[in-house]
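Worksheet for the structure shown next.
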Amino acid sequence: MSLTTAHSVVAPSSNSKRIAGAIIIAYALISIVPLLWIFATSFKTPPDSIAYPPKILFQPSLEGYCNLFTTRTRQTPEYINSLGPATGFCDETTRKRNMVIAGPSNFLPRFVNSLIIAFGSTFCAVFLGTLSAYGFSRFKVPLADDLLFFILSTRMMPPIAVAIPIYLMYRELGLSDTALGMILLYTAVNVSLAVWLLKGFIDEIPREYEEAAMIDGYTRLQAFWRTVLPQATTGIAATAIFCLIFAWNEYAFAALLTSGTAQTAPPFIPTIIGEGGQDWPAVAAGTTIFLVPILVFTILLRKQLLRGITFGAVRK
Amino acid sequence: MLNRTAENVARATPEPLARKVRGISDKGLAWLFISPTILLLLAINIFPLFWAIYLSFTNYRANRPNEVVKNLGLANYQRILGDKDIWIAMQTTAHFVFWTILLQTLIGFTLAWLIDRKFRSHAFWTTLILVPMMLSPAVVGNFWRFLYEPQIGLFAYAISFVTRIPPTDIQMLSNVSLAPWSIVIVDTWMWTPYVMLICLAGLRSIPEYIYEAAEVDRASNWRQFWSITLPMALPFIMLAVLFRGIENFKMFDMVNLLTGGGPGSTTEVASITLKRQAFESWRTGYSSAFAIILFVAVFGLANIYVKALNKVKQR
């Protein structure tokens, strides 16, 4: 009965805290190992990456990144010697393996496709989602609950089930393997998330703000634009990041509906092969470049994560 | 003062006139705001769904668009319900969904319960634990193929380090009895944080005074856990199970890249079967019927489950 009175009687003891902390830290470290391994492999040379036992310490190399961005062909040593001096690091490493760079790989265009499709669909989904969420939040919409449930239920379809008719429809409309087709599809998938999340955020903004603005002579539209939107920026930003992450990570539609010009990075990365199998350092390099933006967004989003992953069902 | 005047003016204006002055009516604005979303969903989700329903009654094949389409009635549905391979795929899916949910709930809840002790720097470690679930299941699942490699892979090496089984014997992806577990492990690794995060919200929603009252009544820690913690966190656990259940029932990307349904068809979950039927055998009508059955199953199960969830919530 001395110092402990300052704490609640039900606060966990310092001993139980220590044990809990140790277990959580151990779990976190183990669960992060596969990601560290991706990162480490991206800096290995191909022979190092398939060494047994797996190499934890190794001489870092950028060969994986070189291989990711280039295609190479095998040549005779005589031919390689007849070439002029190597231009740059990648050229030199490639020549050491008796190969020459034949040209750029498809990684960069696929990565750019990912950017275009992810940002395009996020913009559309958030734009449509904000309008609908405001509509559902502030107006008496007939059958509002049914409509909201309808919007959510479109997310329950297995992606392959959606892909079959979409595949046929896009073939008729000439949208197969186009960025526009993918943007439309991802917008449709993401808009359900956007409506549900944003409705939650807009519900939290007191109506009095708009009412005050409208009494001051704003029209409803102006009130929406000048008072609601600025208040909802955090919610809109969080929603946008969730949509962006979904579109960025999506694989099933991309794999089935795109094959060339509009292919995104997720179906492309597994196809990176070297001589005699998968070129793991190059795959790891592509994976690393692909994952880093998501890592940054996860840290930015950590306070809103719960809301985002439960469609706004759990808020705190 | 100025506001007051404006308010008086606003109040004195007859409503129809006010509407006209303000431009578009609220009702019109509501529809203007909502209809683009509804139209988009009708075009990209509902129209294709009806198309799929129509196709499910035919023998249409997407790789032979010029062939005459025959109406088969319910024949596709009958064949699916009698197809042994489909039932095997459903069993594989059930095995996958059951074990992933069980493991994720047990581990996820335990982690949440430990984090709720609020040890020092728990926020940092929680964020770190959350990272895997934000990543692309396809891209990360693809990399797990490398970790699972029998000799050079880190997973096989770590297991053989602990168990002393030679690493060449740990054929996670090509052994018929291990392959179904290889996908369970990756899914559990990825999505345990998801369950953990929702459980944590559940634990934090329990007001402290209830524990204080239990403490006054000298209820043991064990008793407190079973009669306060677990029942009060149950709606949250059930919500997590609902979301994971729907997602894993649809599971495609991670499994497709990790095992592709193999070896043989040991990891062929429903979505993989659907893809093989629709985009490899090109039996469009048949696979549409299977897609409709799957959709009805998810939808029906989810609805029953939500009813149960609401009952638990009301208790």
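Brief remarks on what is shown
- Only alpha carbons enter this Debye calculation for segment B:176-251, each as an equal point scatterer, and the log10 of I(q)/I(0) it gives at q = 0.12, 0.26 Å⁻¹ is -0.48, -1.14.
- For segment B:199-215, the Karplus equation 6.51 cos²θ - 1.76 cosθ + 1.60, evaluated at θ = phi - 60°, returns couplings of 4, 4, 4, x, 5, 6, 7, 7, x, 5, 5, 5, 5, 4, 5, 5, 5 Hz by residue, with Gly and Pro reported as x.
- Prolate/oblate/rounded label for segment B:80-174 (Cα gyration tensor, a/c 1.5): oblate
- Normalised per residue, the volume of the convex hull around the Cα set of segment B:195-315 (Å³): 121
- Once backbone amide H atoms are built at 1.01 Å from N, A:Thr71 has A:Ala102, A:Gly103, A:Ser105 as its partners under 5 Å, excluding neighbours fewer than 5 places away on the same chain.
- Shape analysis of the protein assembly as shown yields a ratio of the Cα radius of gyration to the Kirkwood radius, Rg/Rh, of 1.01.
- Cross-link partners for A:Lys303 among the lysines, with Cα-Cα distance under 17 Å and sequence neighbours closer than 8 places in the same chain left out: A:Lys316, B:Lys118.
- For segment B:205-300, the set of trypsin sites (Lys or Arg not before Pro) satisfying both a DSSP loop assignment and a count of at most 15 other C-beta atoms within 10 Å is given as B:Arg218.
- Relative contact order of chain A: 25 percent, from C-alpha pairs under 8 Å at least 6 residues apart in sequence.
- Other residues lying with their Cβ under 11 Å from the Cβ of A:Ser105 contribute a combined charge of +1, Lys and Arg counting +1, Asp and Glu -1.
- In terms of its C-alpha gyration tensor, segment A:13-127 comes out oblate, because a/c is 1.5 or above while a/b does not outweigh b/c.
- Pairs beyond 25 Å (Cα-Cα), from A:Lys44/A:Lys96; A:Lys199/B:Lys275; B:Lys70/B:Lys275; B:Lys84/B:Lys311: A:Lys199/B:Lys275; B:Lys84/B:Lys311
- Across chain A, the volume of the C-alpha convex hull divided among the residues equals 247 Å³ per residue.
- Remark: the Cα gyration tensor places segment A:46-105 in the prolate category, a/c being 1.5 or greater and a/b exceeding b/c.
- Sum of side-chain charges, B:Arg117 neighbourhood, beta-carbon under 10 Å (Lys, Arg +1; Asp, Glu -1): +2
Where a number appears in this text, it was derived from the coordinates with a stated rule and is not lab data. In this text, all values refer to a predicted model and were calculated from it rather than measured experimentally. Ideal geometry is used to build each Cβ from the backbone, glycine not excepted, and the neighbour counts take in all protein chains shown.
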